[in-house]
Amino acid sequence: MEQVLFAGDSPWTARMFHRELASPVSAYFGCDCDGMLVAYLGIGIRGPRNDPEFEILTIGCDPAYQRRGLARRLMGHAVHIAEKAHGPVYLEVRCDNDPAIALYRSFGFTIAGVRKNYYQPSGADAFTMVRPAV
């Protein structure tokens with residue numbers, strides 16, 4: 001699924017996923033349909049326990065299952081984790097990914113900056129978005 005969703009923009013490899021899944025400072029959540037993973041989200045926990053920050057590391061949804069609220073459900077779970085810890089959440093998103101930007105805005109994220117040529121090899125820019133701690 002990662003290869004389809006991020007073709008041309010350095011999709012994560014199986015090795016990268018394995019490393020992240022084994023990390024004590026990240027958590028992954030997924031949605032399945034008939035035993036098949038159809039959506040996923042990874043969140044990283046950064047900083048000290050008494051002042052944590054969170055980063056959405058990756059989020060994706062199988063194209064056949066998009067527009068069904070799965071990404072919203074996963075984002076809601078990630079935001080809930082950050083709220084419980086009173087930490088901000090950061091993420092990067094392609095500047096031209098209007099549906100994702102709208103989703104993130106609906107959770108209170110705002111654009112904090114632009115990372116030029118963030119996605120490789122396409123050279124697409126990314127917005128850095130942040131949701132403040134609550």
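Every number here is computed from the coordinates shown, using simple stated rules; none is lab data. Bear in mind the structure is a predicted one, so any value in this text is a computation, not a measurement. Methodologically, a virtual Cβ is constructed for each residue, glycine included, from the backbone with ideal geometry; neighbour enumeration extends over all protein chains shown.
Scanning the stretch 95-119 for residues that are over 11 Å from Val130 (Cα atoms) and aromatic (Phe, Trp, Tyr), which turns out surrounded by the most Cβ atoms within 10 Å (Cβ to Cβ)?
Tyr118
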Original post:
Restricting attention to the stretch 47-62, does a residue exist that is more than 27 Å from Val134 (Cα to Cα), outside any strand (DSSP E or B) and in contact (Cβ under 8 Å) with a residue 24 or more places away in the chain?
Top reply: yes
Subject >> Pairs where the first residue, in the stretch 11-27, is farther than 19 Å from Tyr119 by Cα and the second is assigned to a helix (DSSP H, G or I) and of a type outside the set (A, V, I, L, M, F, W, C), C-beta under 9 Å, 6+ apart >> reply: Ser26/Glu20
Original post:
Is it fair to say Ala133 is touching a residue at least 12 places away in the same chain (Cβ under 8 Å), within 25 Å of Pro48 (Cα to Cα) and out of contact with any strand residue (DSSP E or B) (no Cβ under 7 Å at 6 or more places or on another chain)?
Top reply: yes
Subject >> Count of residues meeting criterion [without any contact (Cβ under 8 Å) to a residue 40 or more places away in the chain, over 16 Å from Asp9 (Cβ atoms) and in a strand (DSSP E or B)] in the stretch 72-113 >> reply: 4
